[in-house]
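Beneath this line is the structure, given in structure tokens, with notes to follow.
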Amino acid sequence: MPSASEAGSSPVVITLPDGATRRFDGPVTGGEIAASIGPGLAKAAIAVKVEGVPKDLSVRIDRDAKVSILTRDLPEALEIIRHDASHIMAEAVKELYPETQVTFGPATDTGFYYDFARPTPFTPEDLARIEARMHEIVDRDETITREEWARDQAVEFFAEQGEKYKAEWIHEIPADEAISLYRQGKFVDLCAGPHLPSTGRLGHAFKLMKVAGAYWRGDARNAQLQRVYGTAWANEKELKQYLFQLE
């Protein structure tokens, strides 16, 4: 029987995609479930789906649930990989150009982007530097952790960092939603997640593509931002195939 996550708690029964069940003596994380199945899966796991909803591997499951482990070769894992690529790009930008403000960076159908506020336009040489720093951050294999903060604490933190866009956006988050921040190295970003366990899990199958203009909140009456686009894939073969199609 798998080891307990928390002695004295109510048992938790996890149902896997093939219908098999595993019983734990208390709350269990996605990572612990993967490890109970086998070391190979534990190494390959990047996230977990709980009742069909993607979550961090570190999420604590405290009740019976249907669970599946996501590995990078699954199509549904690609959105998480691309989202993490945007965060790693933002970390790289903040390291190289600390005066830059970060706004938001979602995954797209072929990659990711992140909107930045800075008076000086990014050049092709800047993109090359940012991409190189992203590879360094991947090699650092920084642990990615989720934290929940009090709303006022989060607003104050971003305001003190000079990140006015982040501070402003927190006021738009519904009062009944948790304010979650993700930390990787010295970089802390406002995000609902889920994310990879560490920057090293991203791999190196990504490339920055171009810079375009954008407006804060998509409104032309607001400040103009710089949107840096990139592409990211599960492996370098898929990246090369995609880039070849663009030629």
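In the range 201-215, which residue that is small (Gly, Ala, Ser) and buried (at least 16 other Cβ atoms within 10 Å of the Cβ) is nearest to Trp169 (Cα to Cα)?
First pass over the range 201-215, keeping only residues small (Gly, Ala, Ser): 203, 205, 212-214.
From what's left, buried (at least 16 other Cβ atoms within 10 Å of the Cβ): 203, 205, 214.
Working: Gly203: 30, Ala205: 31, Ala214: 17 Å.
Of everything passing the filter in the range 201-215, Ala214 is nearest to Trp169 (Cα to Cα).
From the list Ala34, Ala77, Ala65, Ala44, which one is under 23 Å from His195 (Cα atoms), in contact with a strand residue (DSSP E or B) (Cβ under 8 Å, 6 or more places away or on another chain), of a type in the set (Gly, Ala, Ser) and open to solvent by 40 Å² or more (accessible area, probe 1.4 Å)?
Numbers: Ala34 fails: open to solvent by 40 Å² or more (accessible area, probe 1.4 Å); Ala77 fails: open to solvent by 40 Å² or more (accessible area, probe 1.4 Å); Ala65 fails: open to solvent by 40 Å² or more (accessible area, probe 1.4 Å).
Residue meeting the stated conditions: Ala44.
Report yes if Gly218 is open to solvent by less than 40 Å² (accessible area, probe 1.4 Å) and closer than 29 Å to Glu76 by Cβ, otherwise no.
So Gly218 does not fit the description; no.
Taking the range 179-230 on its own, how many of its residues are in contact with a helix residue (DSSP H, G or I) (Cβ under 6 Å, 6 or more places away or on another chain), assigned to a strand (DSSP E or B) and among the polar types (S, T, N, Q)?
Summing the residues that are in contact with a helix residue (DSSP H, G or I) (Cβ under 6 Å, 6 or more places away or on another chain), assigned to a strand (DSSP E or B) and among the polar types (S, T, N, Q) in the range 179-230 gives 1.
Could you check the range 22-31 and list, in sequence order, the residues that are closer than 21 Å to Ala47 by Cβ and either touching a Ser or Thr at 6+ places or on another chain (Cβ under 6 Å) or in a strand (DSSP E or B) (or both)? Explain how you work it out, then say what you get.
We begin by selecting, within the range 22-31, every residue closer than 21 Å to Ala47 by Cβ; these are 22, 24, 27-31.
Listed by number, the residues that qualify are Arg22, Phe24, Pro27, Val28, Thr29.
Looking at (1) open to solvent by 70 Å² or more (accessible area, probe 1.4 Å); (2) touching a strand residue (DSSP E or B) at 6+ places or on another chain (Cβ under 9 Å); (3) over 18 Å from Thr108 (Cα atoms), which is the one condition that is false for Gly185?
With (1) open to solvent by 70 Å² or more (accessible area, probe 1.4 Å); (2) touching a strand residue (DSSP E or B) at 6+ places or on another chain (Cβ under 9 Å); (3) over 18 Å from Thr108 (Cα atoms) applied to Gly185, the lone miss is (1).
In the range 174-200, what count of residues is obtained for those that are over 16 Å from Glu147 (Cα atoms) and at pLDDT below 95? Working first, answer last.
Taking the range 174-200 first, the residues over 16 Å from Glu147 (Cα atoms) are 174-176, 199-200.
Now restrict to residues that are at pLDDT below 95: 174-176.
The number of residues fulfilling the criteria is 3.
If I filter the range 124-161 down to residues being small (Gly, Ala, Ser) and surrounded by fewer than 14 Cβ atoms within 10 Å (Cβ to Cβ), which single residue comes out as modelled with the lowest pLDDT? Before the answer, list the steps.
Just the residues of the range 124-161 that are small (Gly, Ala, Ser), to begin with: 128, 132, 150, 154, 159.
From the residues that got through so far, the ones that are surrounded by fewer than 14 Cβ atoms within 10 Å (Cβ to Cβ) too are 128, 132, 150.
Numbers: Ala128: 98, Ala132: 98, Ala150: 95.
Taking the candidates together, the pick is Ala150.
The values are calculated or read from the model by the stated rules, or taken from the named source; none is laboratory data. Remember, predicted model here, so these are calculated numbers, not experimental data. Neighbour counts run over all protein chains shown; Cβ positions are idealised from the backbone, glycine included. Surface accessibility is based on the protein's heavy atoms, side chains included, excluding ligands, DNA and RNA. Shrake-Rupley method; radii C 1.70, N 1.55, O 1.52, S 1.80 Å.
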